[in-house]
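Scroll down for the structure; my scribbles are underneath it.
Nothing in this text is a laboratory measurement; each read-out follows from the coordinates by a stated rule. Everything numeric in this text was worked out from a predicted model, so none of it was measured. Neighbour counts run over all protein chains shown; Cβ positions are idealised from the backbone, glycine included.
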Amino acid sequence: MNRKHRRAMRVQGRAVGVDSARAHPSPMPTVGHLFGQAVWHQHHGKPNEAVKLYKQVLALQPDHAEACNNLGCVLLAQGKRDAARDYFQRALILLPQLFDDFDSIVAMLVAVNPPLGEEMKRAAGAWPQHLPTRDLLGPSFTDIYADALLRHVLESTTIRNVELERLLTSIRADFLGFAADGGTNLDDDDAVAFGCVLAKQCFINEYVFAITSEEVDRAERLKQKLVEALAKHSTISPLWPCVAAMYFPLHLLPNAQALLDRAWPRVLIELLTQQVREPWEERQYRDLIPRLTPIDDGVSVQVREQYEENPYPRWVHAASVAEPTAIDEHLRNQFPSAPFRPFANGTGIDILVAGCGTGRHPIELARKYWDARVLAIDLSLTSLCYAKRKTPAALASRIEYAQADLLELGSITRSFDLIEVSGVLHHLAEPLAGWCALLSLLRSGGLMHVGLYSELARHDIAAARQFIAERGYRPTVDDIRRCRQDLLNSPLKGVAMAGDFFSTSECRDLLFHIQEHRLTIPEIKGFLAENDLKFIGFEFPPRLMQHYRNLFGGDHLMRDLDRWHALESERPDTFAGMYQFWVQKN
């Protein structure tokens, strides 16, 4: 269930903090016309005119994410960092999928707050020593704690950058030292707010940051102090639950619900919502989610146990869309020359998401396609409860969640127009048998979106898994923490290029999964031929598609699997995340 790893994040061909494509003025006085004029002025050295026009666009359409992004770029180029920060934050709120390329996010954070980049380097240079925060940050202390954009990033997505992770790890240790030494309050409201969002980040990444034995002892003492104060109804400093939440989830405290009955600052109430109220809400769904099939297969049972312990992934925001589209339109835009059979039938589409995890993917599909009706299944009930809580009310009637083993789905006597199975088959004992089982549920002319691990692309992951096996690391939080640091100090440190390296559940899925198969393009080609499936195409950013065309010719060759195999043999990292492709049943 590994997410597709993307080295360059793009949304409609544009990256966060990067100027949108050139456009020329249109004679129509519409939002599109004003935006086109703004882009034209931006690229012709007229920033003041561009700023004026982008603000006009936003006055007419406040949710125009590209205008926010581009206006931030112009203001940043003018040296107006504070104003640029505000517009970048608005763009991230409007298009949360921008977080998928964390390299761009880090570049943006450093561009609007240069001291952050300097302190990231200092923290990384001193590692594994933790520099005291005020010594580490010096005059940058206030600049970093008060950075609203940085705080928004911390509470919205997993931090996927080693240097930033090490800076935050050092800051966390300093917060703990202050709380454990008897401090009751910090002398800066921004520092308290920063502490709360740092605790949110630790919850999101499932406490994957490195921890020293001294920190373990201090955190345990703080935990006991908090537990005793709750039991005695004593006064509790807001700093105690804030810092404790940086080291363990608050809902695991005895009588954790009592935290919700007290008056707290707003920033701490938001933290308690994340760590106490929402986990309680998820538990209420356990008896409400239907069980469609038994789960008896040996590997399926082990996989279910893994995701019960570590639901994958813990996400905050699902991708937004400007407006839904028909599936035919989506495929035609992505594969202009592909000869797939038109699909539109005017009655909506039935979608099966096999292995939906914590629900981000089915939610995005329900938003993306007109009249989509989604059945989302997973082995893990805990993951499904997370998905159920995160599903917006407006989509609840269109997404049905159920616990099931895809190997047993033939018993439900249902069929589907589209089956999404991305990142699941390679975790089965027999991936191709599982693929066949799903094909039996696909209607004639139906589509399937498939994700499979590449044998060639995952050579570094295979080496890391061998490293783990040889040293006897276990799939526990403590061993995952220790293993990550050992890998970063080894010749295999390149594994950190994978986005899934940066949280406990994702790292376990990436490197510790109990079952992993890797396939090759010739094996996929053979399966498609045996099962009379039409290959529509691989999903790729335009840049890589153009490289393929430069090597082999025009669009008519984009479905030549032999040529794709030649390209992958030349460039083994081509499918670094997974093979992601579409097929149609004849």
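Take Ala469, project a point 7 Å from its Cα along the Cβ direction, then tell me which residues of region 417-457 have their backbone nitrogen under 18 Å from it. Only 426-431, 453-457 fall inside the zone, counting backbone N under 18 Å. From least to most packed, judged by other beta carbons within 10 angstrom and beginning with the fewest, Ile521, Ile236 follow the order Ile236, Ile521. Region 192-252 and region 338-389 have Cα centres separated by 37 Å. The calculated P(r) of region 493-537, using every Cα pair and 5 Å bins from 0, goes 5, 17, 17, 14, 11, 14, 16, 6, 0 in percent.
Sorting His517, His427 by the number of Cβ atoms found within 10 Å of their own Cβ, with the fewest placed first, yields His517, His427. For the chain, averaging the sequence separation of C-alpha pairs within contact (under 8 Å, six or more residues apart) and dividing by the residue count gives a relative contact order of 13 percent. Extents of region 459-511, taken as max minus min of Cα coordinates on every principal axis and listed largest first, are 24, 23, 17 Å.
Out of (i) 3, 10, 10, 9, 8, 8, 6, 5, 5, 4, 4, 5, 4, 3, 4, 5, 4, 2, 1, 0, 0; (ii) 3, 16, 25, 27, 19, 9, 2, 0; (iii) 3, 13, 20, 22, 18, 11, 7, 4, 2, 0, 0, which label holds the value of P(r) over Cα pairs in 10 Å bins from 0, in percent that was computed here? Entry (ii).
If we count other beta carbons within 10 Å of each Cβ, what is the order of Arg266, Arg481, fewest first?
Going from sparsest to densest Cβ surroundings: Arg266, Arg481.
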